[in-house]
Structures are given as C-alpha cells and as structure tokens.
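Novice: My structure is below; once you've seen it, I'll send some questions.
Please treat every number below as a calculation from the coordinates, not as lab data. The structure displayed is predicted, hence computed values, not measured ones. Neighbour counts run over all protein chains shown; Cβ positions are idealised from the backbone, glycine included.
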Amino acid sequence: MKPVLIIHGGAGDGSKNKARIARIKRKIARILKRSYRILSDQNALEAVTYAVRMMEDDREFNAGRGSYLQADGHARLSASVMDGSRERFAAVINLENIKNPILTAQLLLNEKFRVLAGQGAFRFARKKGFRAVEMRTSRSIKRWKKAKDKGCDTVGACALDRFGNLASATSTGGRGMEFPGRVSDSGMPIANYATAGCAVCATGFGEQIIDEGLAVKIAVRYQDGHSLKQAFKKTFREVRLKKRSMGAIGVDRKGKIAAGFTNPSMIYGWKKNHSRTFLAGI
Ligand code: ASP
C-alpha cells in the first residue's frame, strides 16, 4: 500500500495578501515533506499527529501558541484525533496553557475517558508530564485588544499508511472573540472522523459544521457506496445551497484524496510519494 498524506492550513477569507499565501504554501509543503517521512517509517496516526503538531508550533496557523483568543482574552484550544482502524476518537476541548493540544488528544486515545474539557484536560496533560506554558503571544494579545482576533486557519491532516490504516487529526484556537467557553467543532467527530474506509477533517465556521455533521456525513456516504470524490461533491453541493461556510479534506483506503470548500480559500497539499508534493486550494 502506498502511503498518502493530505493536510490543510484552514479555511480562510481569501486573503489577497500574496506574500502571506506564498508563505503558507511553503510551510504546508515543508510540513508535508517531513510528515511524509514519519508516515513512511511509522503509521498514519503518528503522521497526522506529527503534521498537526508542526502546524501548532508555527504561529502562522490558528492552532497552538499564538492562536486567536476568546472574548475574555484567554486562549482555549481544542484538538482531536481519530484512529480509523479502531474507529476510536479522542479530543481535548478548551484546553489552556498546554503547548501541543494534539499530543494530549493522542494520549487520550488509549484512555477510558477519551474526551476531556477545560480544567480536566489540563490536569490530564499535566499528569502526563506536559509543562504549563503561556499560550498567548504579544501579537495575539494585540489583535485581541483591537477586537480583531477573528478568523479561521484551523489545521488538519488525514493519512493512509502502508498497512492500510487511516487516521485524521485537527487542532484549533477557535473563531476568536467568541463567548468564553464556546466549544469548537474541532474537538468533535463531525470535524474529524476516520473509519477503516476513509479519513476526513474539516475547517470553517464551527457552528455550521456542527449543523451539517460534515465529516461524519462524508464518511457515511463513502461507506454506503459513494466514491470519496462523489461523497465530497454531494455534501459540498448541499453546503453551498445552504450558504454555509466550511472546507474539508480526506483520503480513502485506496489512496484516493478529495477536498472541498465553500470559504473563499483553503490552502492544502498532499503527497503520495517522496518526490512530489501537490499544493492547491486558493
Ligand atoms: N472550525 C473552527 C471553529 O469554528 C475554526 C476554523 O476552522 O478555522 O472553531
């Protein structure tokens, strides 16, 4: 089985800033390259976690340190991971002061209670040895003070490994300026879902993704006989008709990839071998 990796840097507002778009594309390409090595040597779950962790570590993206802040000026982050071979989901919701939410979500995959929020998620992360750190940056605080801390740029990754396992991972700082405690879709299966058949992850307007049941809907359509491409096409036709704003990427067990978005932009890329990287989505 040839490993396949697809990642995105968030559904955006179609920024006209050409320099920024070029920078994000370069970053997506670099992250893809490094994560594809993990996918080839290890497995789908490790690769998607690694890719998302790299995006969390990069301030350009709305995940990890430097993410958007909620209305009270706190950074509350959400991340989820799903192992398709076990059909097992885990997530952290509104986690504060832990550097890589995706790593805490990955550890939760093997626990009895697999979705933790707020203080509980923080205590679990600390118990597992993660340090408490300041997640706000001077830039995120400045943006928040100007009440300009709003947008997208959540990150996500889906992979198929050489054993035929699928996995997906998603991480976000949320929409920015939201009511404190608002729960993002990124910590729910409707934004991040994987089975033995396909893996799908979503980005965009969280409340609308929840209403749409996006990632699960696509996965169920695939399971019921649509190709992944058809499942995306049908679902995004409906999303467009409802004038909802979101995007998603996916890969199936045959290594076919698919993507769709109704936002003005979503930068994403994929790799099916070491030598070539594909970028798309503006
Ligand atoms: N879906 C995220 C949220 O609403 C935002 C995003 O995808 O950029 O929390």
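Novice: Points 7 angstrom from Cα along the Cβ direction at Val133 and Asp13: gap in nanometres?
Specialist: 2.8
Novice: In whole angstrom, note down how far apart the Cα centers of segment 229-282 and segment 5-79 are.
Specialist: Here the two parts' Cα centres lie 16 Å apart.
Novice: I've got another one for you. Under 1.5 on a/c is rounded, so check that first for segment 113-241, then, if it is not, pick prolate when a/b is larger than b/c and oblate when it is not; a ≥ b ≥ c are the square roots of the alpha carbon gyration tensor eigenvalues.
Specialist: Cα axes put segment 113-241 in the oblate bin.
Novice: How large is the convex hull of the Cα atoms of segment 87-162 per residue, expressed in Å³ as a whole number? The partial results should precede the final answer.
Specialist: Numbers: hull volume 10.1 nm³, N = 76.
Enclosed volume per residue, from the Cα hull, is 133 Å³.
Novice: Report the chymotrypsin sites (Phe, Trp or Tyr not before Pro) located in segment 124-175 that are in a DSSP loop and have at most 14 other Cβ atoms inside 10 Å of their Cβ, or state none. Walk me through the intermediate numbers first.
Specialist: Working: sites: Phe124, Phe130, Trp144, Phe163; in loops: Phe130, Phe163.
Here the chymotrypsin sites (Phe, Trp or Tyr not before Pro) that fit, given the DSSP loop and packing criteria, are Phe163.
Novice: Shifting gears a bit: Could you tell me the extents of segment 33-128's C-alpha atoms along the three principal axes, largest first, rounded to whole Å?
Specialist: If we take the Cα atoms of segment 33-128, the spans are 42, 34, 20 Å.
Novice: Once you place label points 7 Å from the Cα toward the Cβ at Arg86 and Asp57, how far apart are they in nm?
Specialist: According to this spin-label approximation, the distance is 2.5 nm.
Novice: Something else about it: Compute the relative contact order of segment 141-282 as a whole-number percentage, counting only Cα pairs closer than 8 Å that sit 6 or more residues apart in sequence.
Specialist: Working: 269 pairs, mean separation 27.0, N = 142.
Normalised by residue count, the contact order of segment 141-282 is 19 percent.
Novice: Send over the semi-axes of segment 155-214's equivalent ellipsoid, whole angstrom and largest first, taken as the square roots of 5 times the C-alpha gyration tensor eigenvalues.
Specialist: On the way: eigenvalues 126, 25, 11 Å².
Calculated on Cα positions only, the semi-axes equal 25, 11, 7 Å.
Novice: Using the structure shown, select from Lys142/Lys229; Lys27/Lys256; Lys112/Lys233; Lys99/Lys271; Lys217/Lys254 the pairs with a Cα to Cα distance greater than 30 angstrom. Don't skip to the end; give the middle numbers.
Specialist: On the way: Lys142/Lys229 42 Å; Lys27/Lys256 23 Å; Lys112/Lys233 36 Å; Lys99/Lys271 27 Å; Lys217/Lys254 19 Å.
Beyond 30 Å: Lys142/Lys229; Lys112/Lys233.
Novice: Same structure, new question: Quick check for me: using +1 on Lys/Arg Cβ and -1 on Asp/Glu Cβ, what's the dipole size of the chain about its Cα centre, in debye to the nearest 20?
Specialist: On the way: 53 positive and 24 negative charges, 196 e Å.
Roughly 940 debye, rounded to the nearest 20.
Novice: May I ask for log10 I(q)/I(0) of segment 4-274 at q = 0.09, 0.15, 0.17 Å⁻¹, from a Debye sum over the Cα atoms as equal point scatterers with solvent left out?
Specialist: For the requested q values the scattering log ratios are -0.34, -1.00, -1.31.
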